[in-house]
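See structure below.
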Amino acid sequence: MKEQLAALRETALAELQGMNDPKQLEDFRVRYMGKKGSVTALLRGMGALSAEERPVMGQMVNQLRQELEEAVAAKSQAIQEALQKEKLAAETLDVTMPGKKEAKGGLHPLNVVLEDIIDIFQSMGFDIVDGPEVETDYYNFQALNVPEDHPARDMQDTFYMADGLLLRTQTSAAQARTMEERKPPIRILCPGRVYRADEVDATHSPVFHQIEGLVIDKGITMCDLKGVLEQFAQEIYGEETKVRFRPSFFPFTEPSVEVDVTCSECGGKGCRVCKGAGWIEILGAGMVHPNVLRAGGIDPEVYTGFAFGIGLDRLTTTRYKISDIRLLFENDVRFLEQFD
Ligand code: DAH
């Protein structure tokens, strides 16, 4: 029985040596020390021994059992440590590896400029309003002092739709709508898309963007118009920017002006950007025509006002030196990702 014990010990310890899996180890423990295990069987088999041999053998078997239990515990710890090491190695991060660049979205350049403009006018107390792009002839033309047979309609090639509707040719269509909804004092800005049946080229597009401004109150004069536009131009182009008014004609304003600013590129000396003029035209404006006030239900004897229309696309292309307006509408990511 002693030899049997020694042999068992040897095989058990040898088997344990090469083990590296917790499941195998558990299996081993059951096979030797479980209820039906070989060591347990030895203890059971002691009934056949003599009374003198029994305690001696009992002690030896118990010793083996203890030895194997300790070996299993040690092995178990060793296996756990090895597994942990393996796991850590697999999870090692090379912090010197270059990161993956996240593609990030950005604002469209038209929106960058529009947001700047909105900020400036909001700080002067203007509300931002919205108007429909599918408009009636009335709001787009008639309420703006452009009757049906007025030659000014020739200036704008209109997309007409069924049922007397059209695609608005100007954000000025917001004027009468606003006057119907609000009482003076009125101070609004209406940005949006406008449409004209123009051929597409580097400076023309059948869809483009305007920002309409309208101010109506008692005692509003052209000085107020000039002050507001000067403030606007200087915030957009810099404090040294000068503004000039040139007489012009629009059916919905009297008097009407075209507004130029000194070229921000050359400061007024003349360069490629301003085509040598030193000035860049940025908008049309004027004092709201009495007929327009009347159409909006406002008494021109009591109230006066000014209006202006900014071309957003032009402002954007000059700011970013974009040579072709089509780039603003093609949504080429290689172009758009250059702006934030
Ligand atoms: N609606 C005009 C256009 O499309 C721009 C304009 C000029 C708007 C003068 C105005 C204004 O409000 O007073 O060309």
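Here are some notes:
- Were the residues from residue 36 through residue 281 laid out at 0.36 nm apart, the gain over their Cα-Cα distance would be 78.2 nm.
- Solvent-accessible surface (1.4 Å probe) assigned to residue 97 amounts to roughly 130 Å².
- In the chain, helices alone account for a calculated mean residue ellipticity at 222 nm of -12500 deg cm²/dmol, with every DSSP H run of four or more residues adding -39,500 (n - 2.57).
- Three-way shape label, region 270-332, alpha-carbon gyration tensor, a/c 1.5: oblate
- Portion, in percent, of the accessible area of region 1-157 that falls on carbon or sulfur, probe 1.4 Å: 52 percent
- About its Cα centre, the chain has a charge dipole of approximately 1540 debye under the convention of +1 per Lys or Arg Cβ and -1 per Asp or Glu Cβ, with nothing else charged.
- C-alpha center-to-center spacing [region 57-99, region 203-277] in angstrom: 80 Å
- Packing-based ranking, highest mean first, of 50-58, 193-201, 88-96 given that Cβ atoms within 10 Å are counted: 193-201, 50-58, 88-96
- Dipole of region 187-340, positive end: most advanced residue of 328, 274, 308 [Cβ charges, Cα centre]: 274
- Cα shape, region 68-144, gyration tensor, a/c 1.5 rule: prolate
- Within a straight-line Cα-Cα reach of under 30 Å, residue 75 can be paired with the following lysines, leaving aside sequence neighbours fewer than 8 residues apart in one chain: 2, 23, 35, 36, 85, 87.
- Computed accessible area, residue 218, all protein chains, 1.4 angstrom probe, square angstrom: 130 Å²
- Unit charges at the beta carbon, dipole of the chain: most positive-side option, 164, 339, 249: 339
- Gain on full stretching of the segment that runs from residue 157 to residue 15 - 0.36 nm per residue minus C-alpha separation: 41.6 nm
- Estimated FRET transfer efficiency (residue 340, residue 86; beta-carbon r; R0 35 Å; 0.05): 0.15
- Reach of residue 183 by Cα under 28 Å, taken over lysines that are not fewer than 8 positions away in the same chain: 218, 226
- Kirkwood hydrodynamic radius of the chain, from inverse mean 1/r over distinct Cα pairs, in Å: 27.0 Å
The values are calculated or read from the model by the stated rules, or taken from the named source; none is laboratory data. Predicted model, so just to flag it, every value in this text is computed and none were measured. Cβ atoms come from the backbone with ideal geometry, glycine included; neighbour counts cover every protein chain shown. Remember, those area values only see protein heavy atoms, side chains included, never the ligands or the DNA or RNA. Shrake-Rupley method; radii C 1.70, N 1.55, O 1.52, S 1.80 Å.
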